[in-house]
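**Student:** Questions regarding the structure given below will be posed in turn.
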Amino acid sequence: MIQEEPNTVLEVLEKDVWERIKDFLNWGIHIGEGEKSIHVTIGLLLILTVAFIITSFVLKWLRKLFTRKMNPDDKLKFISVFKFIKYVVYVAVILITMKTAGIDITILITASAALFVGLGLALQEIFQDIIGGIFIIVDKSLSVGDIIEIDNKVGRVFEIKLRTTRAITRDDKVIIIPNHKFISDTTYNYTQNHRNTRESVKVGVAYGSDVQLVTRILEEIASAQKGVLKSPKSFVLFEDFGDSALIFSLVFYISDSFTDPKIKSELRYKIDAKFREHKITIPFPQRDVHIYQNKI
């Protein structure tokens, strides 16, 4: 009798308690029958929850492992990429967990194929933006502080996100640029290789002007201009014999392309004043019109 009682307790535990637990875990939504059936149960939800917790812990550990030696800017960029990777991993974990739990995920993939195609077409540009953002972050083709020109607009980049890049223009307006434009369109990066850029101001003088005097005046103006670098040294190019003028270019270097229009404006003011002082004429297009009258 003493030996039979423990056996009876074990049988009760196995048949009663364990069966109740199994029934509780199997409680949920059941759709279909046979191999193509879908069962969303409490047990499956618990497995998914545990899988998500473990995956989140592993991903967080991997992120810290990869970013521990990165500088703050690169770390922020990597975190943006990591968010996209995290979503992909979560979807994979869901599918693997459902497959492991005995659910045939083929029917889910088949049923959602049309939805994925439609969604893919609708979100095609968003996906292009995300891929463009990943390329920008990984190959470092663009950095915060870079001065860029895109769609005939010049701006200084102050924020790079996974889908968009933000820059402030010369008139203090924020321009939001979809990242796919950096892949599909031609973009000028003024400061990719270094901060110094070469700029120029063109001016025409009347035929018969002293070209040596013109050259000397332009060089003196550039050397005295605030914001123009002393090295590399500014120089003057005699570009062409125009229709109405001799064309010169004053070539100079600056360290901040963002202030380019202001410096060019100041140079033009000084060139006009100096030319007036030395009686050098800046001509305007002129045409001779001859009128012939037929005498009858």
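The values are calculated or read from the model by the stated rules, or taken from the named source; none is laboratory data. The shown structure was predicted, so the numbers you read here are calculated from the model rather than taken from an experiment. So basically every Cβ, Gly included, is an ideal-geometry build from the backbone, and we count neighbours across all protein chains shown.
**Student:** Any chance the range 249-257 includes a residue that's loosely packed, with under 13 Cβ neighbours inside 10 Å and under 30 Å from LYS153 (Cβ atoms)?
**Tutor:** Checked the range 249-257: no residue is loosely packed, with under 13 Cβ neighbours inside 10 Å and under 30 Å from LYS153 (Cβ atoms).
**Student:** How many residues are in contact with a helix residue (DSSP H, G or I) (Cβ under 7 Å, 6 or more places away or on another chain), modelled with pLDDT under 75 and assigned to a helix (DSSP H, G or I) when one looks only at the range 99-130?
**Tutor:** Of the residues in the range 99-130, 1 are in contact with a helix residue (DSSP H, G or I) (Cβ under 7 Å, 6 or more places away or on another chain), modelled with pLDDT under 75 and assigned to a helix (DSSP H, G or I).
**Student:** Here is a further query. Can you find, within the range 155-192, the residue that is farthest from the chain's Cα centre (by Cα) among those that are surrounded by 15 or more Cβ atoms within 10 Å (Cβ to Cβ), of a type in the set (A, V, I, L, M, F, W, C) and at pLDDT 90 or above?
**Tutor:** ILE168
**Student:** Which of the residues spanning the range 200-226 are more than 25 Å from SER244 (Cβ to Cβ) and either loosely packed, with under 12 Cβ neighbours inside 10 Å or touching a strand residue (DSSP E or B) at 6+ places or on another chain (Cβ under 6 Å) (or both)? Before you say what the answer is, go through the steps one by one.
**Tutor:** Keep residues of the range 200-226 that are more than 25 Å from SER244 (Cβ to Cβ), which gives 220, 223-226.
The answer is ALA224, LYS226.
**Student:** Here is a further query. Please give the number of the condition ALA245 fails out of (1) surrounded by fewer than 16 Cβ atoms within 10 Å (Cβ to Cβ); (2) among the small types (Gly, Ala, Ser); (3) touching a Pro at 6+ places or on another chain (Cβ under 9 Å).
**Tutor:** So ALA245 meets the others, but not (1).
**Student:** Give the range 50-66 a look and list any residue that's over 10 Å from VAL93 (Cβ atoms), of a type in the set (Phe, Trp, Tyr) and surrounded by 11 or more Cβ atoms within 10 Å (Cβ to Cβ), or say none.
**Tutor:** PHE66
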